[in-house]
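Enquirer: Mind looking over this structure? Questions follow.
The values are calculated or read from the model by the stated rules, or taken from the named source; none is laboratory data. Keep in mind that this is a model prediction, so the values were computed, not measured. For neighbour counting, all protein chains shown are included, and Cβ atoms are generated from backbone atoms with ideal geometry for every residue, glycine included. Note: accessible area is taken over every heavy atom of the protein model, side chains too, but ligands, DNA and RNA are not part of it. Shrake-Rupley method; radii C 1.70, N 1.55, O 1.52, S 1.80 Å.
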Amino acid sequence: MAIWAIKAQATVATDSDPDLLAATSGLISIPSESRHEAQLADLVEKELEKVADRRPHFSVDRVGDNVVARTHLDRPNRLILGGHLDTVPANGNATPRTEGNVLWGLGSADMKGGLAVMLELARRVERPAVDVTWVFYAREEIATVHSGLLELQRERPDLLEGDVALLGEPTDGALEAGCQGSVRIEIEFRGRRAHTARAWMGENAIHRAGALLTHLDDWVARRPTIDGCTYHEALQAVAINGGVAGNVVPDRVVVTVAHRFAPDRSLAQAEAALRQFVAPSMTDLDVLTVVDRARAAPPGLSHPLLSYPIRRHDLEVRAKLGWTDAAFFAERGIPAANFGPGDPVVAHTAAEHLERASIDRVWTVMVDLLRNGVSAP
């Protein structure tokens, strides 16, 4: 916390390049595992209130552990900048460590580097060319039902109004368009118990699951291209649970299957396709349960607030293969993409880190977008 405060005092009144790596380190030093974001939300609220004290067109609202700041300049477009406050549990990396131009620590990539950029933009860009809404929200890293965005939607949906959303998820300075959707199911295969000495008198549920596993091995991934972005679907068995005892033929086994689908399919279409795929491996006695489902988000790259910075900064554009809250905004008619510092490959790992070049690239693009909108100076 002290690192961030010192850096903030040093940069409020100057236009020199900010030390965003130091700012990120300060944010990492404040633990914010999911459901424990209050301390970090307090800091974010305090820093944004300082901005509001200097600018009559800038407001700050807090709902639970979610903090939303907005400009009120009557611009023709409103850009939403979204970032989650929480991290996954620490893995020996709770304390930030800087070595040269690399910052190591929990959340450095996912996504306290993105939060540092968002806060510095609020602090430095006094009269942006577009109205801006900054959304710092809780509980992204756990089940969607607990998301701070859903809490905001219930309590203050007006705070989430906008024309385009950019999420600070780690993309290493590329723009990752939309996101894939997700359906996770559990299939309970049923058999009949028997003593293993008389196994022929029973029906082994675990053996019955083998047909599904073989079928999954034969599955061929779809790779649709949408707005120039190629998505790569996935279908995997991710868990299996069954068995009674070493001398009992099992009468039950549950296989969990996870499906990531491209945004050319609706959630209903993806779920129907998944049910159709697994049906030949099941009988009328077996039970399929959908345990998690999330919509995909189309790329939405035609909006000028996305297409213009891509052209102006020659950004790499690629499909978002995972799921992000881009889907939350797309579901509400707001085109959304992911653009933030840090390599997504190292997120959630003990070796999570952030390179200075990555966060500086993102800063250059974002400060230009806020200062100039879709019109180059």
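Residue by residue, here is whether (1) in contact with an Asp or Glu (Cβ under 7 Å, 6 or more places away or on another chain); (2) touching a residue at least 24 places away in the same chain (Cβ under 8 Å); (3) β-branched (V, I, T) holds:
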| site | (1), (2), (3) |
| --- | --- |
| R97 | no, no, no |
| L103 | no, yes, no |
| A109 | yes, yes, no |
| A116 | no, yes, no |
| L119 | yes, yes, no |
| F136 | no, yes, no |
| V145 | no, no, yes |
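Enquirer: Just name the residue that is farthest from D286 (Cα to Cα) out of those in the range 191-205 that are open to solvent by 70 Å² or more (accessible area, probe 1.4 Å) and assigned to a helix (DSSP H, G or I).
Expert: R198
Enquirer: Would a scan of the range 177-184 turn up a residue that is basic (K, R) and more than 23 Å from T87 (Cα to Cα)?
Expert: No; the residues of the range 177-184 include none that is basic (K, R) and more than 23 Å from T87 (Cα to Cα).
Enquirer: Here are some residues: L73, L27. Which one is aliphatic (A, V, I, L, M), more than 21 Å from P170 (Cβ to Cβ) and not in a strand (DSSP E or B)?
Expert: L73
Enquirer: Among the residues of the range 18-42, count how many are surrounded by fewer than 24 Cβ atoms within 10 Å (Cβ to Cβ), more than 16 Å from G105 (Cβ to Cβ) and of a type in the set (D, E, K, R).
Expert: 2
Enquirer: Just one of (1) open to solvent by 20 Å² or more (accessible area, probe 1.4 Å); (2) within 22 Å of T324 (Cα to Cα); (3) assigned to a strand (DSSP E or B) trips up V257, so point out which.
Expert: (1)
Enquirer: List every residue pair whose Cβ atoms sit under 6 Å apart, with the two residues 6 or more apart in sequence or on different chains, where the first one lies in the range 314-334 and is acidic (D, E) and the second, anywhere, is open to solvent by 30 Å² or more (accessible area, probe 1.4 Å).
Expert: E331/R295
Enquirer: I've got another one for you. Spot the failing condition for N338; the list is (1) polar (S, T, N, Q); (2) in contact (Cβ under 8 Å) with a residue 12 or more places away in the chain; (3) out of contact with any strand residue (DSSP E or B) (no Cβ under 9 Å at 6 or more places or on another chain), and only one is missed.
Expert: (3)
Enquirer: Answer yes if at least one residue in the range 77-98 is hydroxyl-bearing (S, T, Y), part of a strand (DSSP E or B) and open to solvent by 50 Å² or more (accessible area, probe 1.4 Å), and no otherwise.
Expert: yes
Enquirer: Enumerate the strands (runs of 3 or more DSSP E) found wholly within the range 284-377, keeping only those where 1 or more residues are open to solvent by 60 Å² or more (accessible area, probe 1.4 Å).
Expert: 287-294, 317-319, 353-355
Enquirer: Across the range 224-251, what is the number of residues that are out of contact with any strand residue (DSSP E or B) (no Cβ under 6 Å at 6 or more places or on another chain) and either farther than 30 Å from G178 by Cα or free of Cβ contacts under 8 Å to residues at least 60 places away in the same chain (or both)?
Expert: Of the residues in the range 224-251, 8 are out of contact with any strand residue (DSSP E or B) (no Cβ under 6 Å at 6 or more places or on another chain) and either farther than 30 Å from G178 by Cα or free of Cβ contacts under 8 Å to residues at least 60 places away in the same chain (or both).
Enquirer: Would you tally the residues in the range 218-238 being of a type outside the set (S, T, N, Q), at pLDDT 95 or above and open to solvent by 50 Å² or more (accessible area, probe 1.4 Å)?
Expert: Matching residues across the range 218-238 total 7.
Enquirer: Right, next: Pairs under 7 Å by beta carbon, first residue touching a residue at least 12 places away in the same chain (Cβ under 8 Å) in the range 60-84, partner part of a strand (DSSP E or B) and open to solvent by 50 Å² or more (accessible area, probe 1.4 Å), six or more apart or different chains?
Expert: Pairs that qualify, where the first residue is touching a residue at least 12 places away in the same chain (Cβ under 8 Å) and the partner is part of a strand (DSSP E or B) and open to solvent by 50 Å² or more (accessible area, probe 1.4 Å): there are none.
Enquirer: Sort out which residues of the range 166-190 are in contact with a Lys or Arg (Cβ under 9 Å, 6 or more places away or on another chain) and in a strand (DSSP E or B), and write them in order of number.
Expert: The answer is L175, E176, A177, C179, G181, S182, V183, R184, I185, E188, F189, R190.
Enquirer: Separate question: Could you figure out which of (1) of a type in the set (A, V, I, L, M, F, W, C); (2) modelled with pLDDT of 95 or more; (3) open to solvent by 10 Å² or more (accessible area, probe 1.4 Å) isn't true of L152?
Expert: Condition not satisfied by L152: (3).
Residues are listed down the side, and each one gets a yes or a no for (1) out of contact with any Pro (no Cβ under 8 Å at 6 or more places or on another chain); (2) modelled with pLDDT under 95:
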{"site": "E141", "(1), (2)": "yes, no"}
{"site": "L167", "(1), (2)": "yes, no"}
{"site": "G178", "(1), (2)": "no, yes"}
{"site": "V183", "(1), (2)": "yes, no"}
{"site": "R193", "(1), (2)": "no, no"}
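Enquirer: Same structure, new question: How about the range 37-55: which of its residues are closer than 28 Å to I142 by Cα and in contact (Cβ under 8 Å) with a residue 40 or more places away in the chain?
Expert: Passing the criteria: E37, L40, A41, L43, V44, E47, L48.
Enquirer: Let me ask something else. How many of the residues making up the range 119-145 are more than 21 Å from P157 (Cα to Cα) and buried (at least 24 other Cβ atoms within 10 Å of the Cβ)?
Expert: The total comes to 2.
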